[in-house]
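Asker: Dropping a structure here in structure tokens format, bear with me for questions.
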Amino acid sequence: MLKYLLILLLIIHGIIHVMGFTKAFNLGKQNLITDNISKPAGFFWIITMLIFIAAAIMYFIKAPYWAEVAIAAVIISQLLIILSWKDAKAGTILNIIIFIVALISFAADRFHQQVNKEVTAMFSKPFIENNRDPLNSVKRLPPIVNKWISKSIDINAAPVKFVRLRQKGTMRTKPDGSWMPFTANQYFRTDEPAFIWETTVQMFPLITLAGRDRLNNGEGQMLIKLLSLFKIADAKNSEMINESTLMRFLAEICWFPDAAIYSDIYWREIDPLTAEATIRCRNITATGNFNFNEKGDLLGFSGYRYKENGKTATKEKWVVETSDFKKINGFLIPTKCKVTWSLKEGDFHWLTLEITDLEYNKPELYKESF
């Protein structure tokens, strides 16, 4: 609905500029604009109308650079309004509305393009083949992990080198907070733990958060921007954020389970249905427990992870529960997850997600935004 309101606003505001053109060329009776308008200025009034309509069409078909076109139209329009301020000043309100919406869209596009550059750089590095023998590696796995791997991986499935997936879900920032819907794209490579996760969170109508979590070259980063413009969090390359992002990668091998064999992960049996996994990446390590049922189904993951980033940050229990298993391209994976912080004051269920698309060994960007 908001999309069509904006399109209508762009078109109506554009058409209003016809008045300046008709006034300049004395085309019909014109009482709304009383000041004289020169013929050269009249051409700019009609050109501005065409630019607004072009922006509306570009926005409707999701063409790139619609926001830049709309901003250009607003700038020209406002200059014309200033020249005929007494009669045209009311148009300033519409220009302000269009400018704000276009600016936010422009910032969101720039944020998305920056993330795309990071993903392209991550995928462009030569893949380093792992020399571990999968048959010998399986022999060293705890029995329950071996059962999980045997159940989850088709014997004919190619080893996973790259992953791209899409998610949707809800999240909240405090136990009594409102649930906010989000969508996300995520990209992985498996020779050295690396991922980039980009999300848009709908805080309120017209108010969004743009977020990007990243682990690359052993360094983690979490970036959050309000309306893609105002930075409200930027934690990067510290012991806490590096370890936290590596633990996230470890938990998310549930979506590409052969990483249990090929990645630099070391397993230890805790009990018949629980196995501890420790992953190493350069000078970072992260450890957590994978929990299974007797059939070898993965029930979830838990570990102690930094909840915040800073001098006062402490490690808290982080729990991921998995469900709704489906066979995708030779791998049996969970498509739904529930994520909870297990705190002293009680459990804080803060995120629920669902996988909506997943592809292996396709190191390419999604062509359409989520």
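Asker: What helices (runs of 4 or more DSSP H) lie completely within segment 52-169 and have 1 or more residues being of a type in the set (S, T, N, Q) and either without any contact (Cβ under 8 Å) to a residue 40 or more places away in the chain or not assigned by TED's automatic domain parsing to the domain that holds residue 200 (or both)?
Answerer: 66-83, 91-124, 134-139, 143-152
Asker: If you take the residues in segment 50-64 that are modelled with pLDDT under 95 and over 19 Å from residue 1 (Cβ atoms), which one is surrounded by the fewest Cβ atoms within 10 Å (Cβ to Cβ)?
Answerer: Top of the filtered list is 64.
Asker: Restrict the check to segment 296-311 and report whether at least one residue is under 17 Å from residue 259 (Cα atoms) and among the acidic types (Asp, Glu).
Answerer: yes
Asker: Within segment 309-328, track down each residue that is exposed (fewer than 14 other Cβ atoms within 10 Å of the Cβ) and farther than 25 Å from residue 242 by Cβ.
Answerer: Passing the criteria: 324, 326, 327.
Asker: Among the residues that make up segment 81-90, is at least one of them among the acidic types (Asp, Glu) and within 16 Å of residue 35 (Cβ to Cβ)?
Answerer: Taking every residue of segment 81-90 in turn, at least one turns out to be among the acidic types (Asp, Glu) and within 16 Å of residue 35 (Cβ to Cβ).
Condition check ((1) surrounded by fewer than 19 Cβ atoms within 10 Å (Cβ to Cβ); (2) over 17 Å from residue 197 (Cα atoms); (3) modelled with pLDDT under 95) across all residues:
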residue	(1), (2), (3)
236	yes, no, yes
250	no, no, no
254	no, no, no
277	no, yes, no
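Asker: Please work out if residue 44 is without any contact (Cβ under 8 Å) to a residue 60 or more places away in the chain, surrounded by 15 or more Cβ atoms within 10 Å (Cβ to Cβ) and under 26 Å from residue 211 (Cβ atoms).
Answerer: Judged against the criteria, residue 44 is not a match.
Asker: Against the conditions (1) out of contact with any Asp or Glu (no Cβ under 7 Å at 6 or more places or on another chain); (2) under 27 Å from residue 332 (Cβ atoms); (3) surrounded by fewer than 18 Cβ atoms within 10 Å (Cβ to Cβ), where does residue 181 fall short? Just the number, please.
Answerer: For residue 181, the failing item is (2).
Asker: Still on this structure, please answer the following. Any idea which of (1) farther than 25 Å from residue 166 by Cβ; (2) part of a loop (DSSP other than H, G, I, E, B) is the one residue 228 doesn't satisfy?
Answerer: (1)
Asker: Considering only segment 176-206, state which residues are part of a strand (DSSP E or B), of a type in the set (A, V, I, L, M, F, W, C) and either at pLDDT below 95 or closer than 23 Å to residue 246 by Cβ (or both).
Answerer: Of everything in segment 176-206, those that are part of a strand (DSSP E or B), of a type in the set (A, V, I, L, M, F, W, C) and either at pLDDT below 95 or closer than 23 Å to residue 246 by Cβ (or both) turn out to be 182, 184, 188, 194, 195, 196, 197, 204.
Asker: A further question on this structure: Please state which of the following conditions residue 276 fails to meet, knowing it meets all the rest: (1) out of contact with any Leu (no Cβ under 9 Å at 6 or more places or on another chain); (2) in contact (Cβ under 8 Å) with a residue 60 or more places away in the chain.
Answerer: Condition (2) is where residue 276 drops out.
Asker: Hey, another quick one. Being touching a strand residue (DSSP E or B) at 6+ places or on another chain (Cβ under 6 Å) and of a type in the set (A, V, I, L, M) is the filter here; which residues of segment 313-342 pass it?
Answerer: Result: 313, 319, 320, 328, 332, 339.
Asker: Only one residue in 244, 263 is crowded, with 21+ Cβ neighbours inside 10 Å and either in contact with a Phe, Trp or Tyr (Cβ under 6 Å, 6 or more places away or on another chain) or not assigned by TED's automatic domain parsing to the domain that holds residue 199 (or both). Which one?
Answerer: Being crowded, with 21+ Cβ neighbours inside 10 Å and either in contact with a Phe, Trp or Tyr (Cβ under 6 Å, 6 or more places away or on another chain) or not assigned by TED's automatic domain parsing to the domain that holds residue 199 (or both) holds for just one of 244, 263, which is 244.
Asker: Check 27, 9 and return the single one that is surrounded by fewer than 19 Cβ atoms within 10 Å (Cβ to Cβ) and in contact (Cβ under 8 Å) with a residue 60 or more places away in the chain.
Answerer: 9
The values are calculated or read from the model by the stated rules, or taken from the named source; none is laboratory data. What you see is a predicted model; the values in this text were computed from it and never measured. Neighbour counts run over all protein chains shown; Cβ positions are idealised from the backbone, glycine included.
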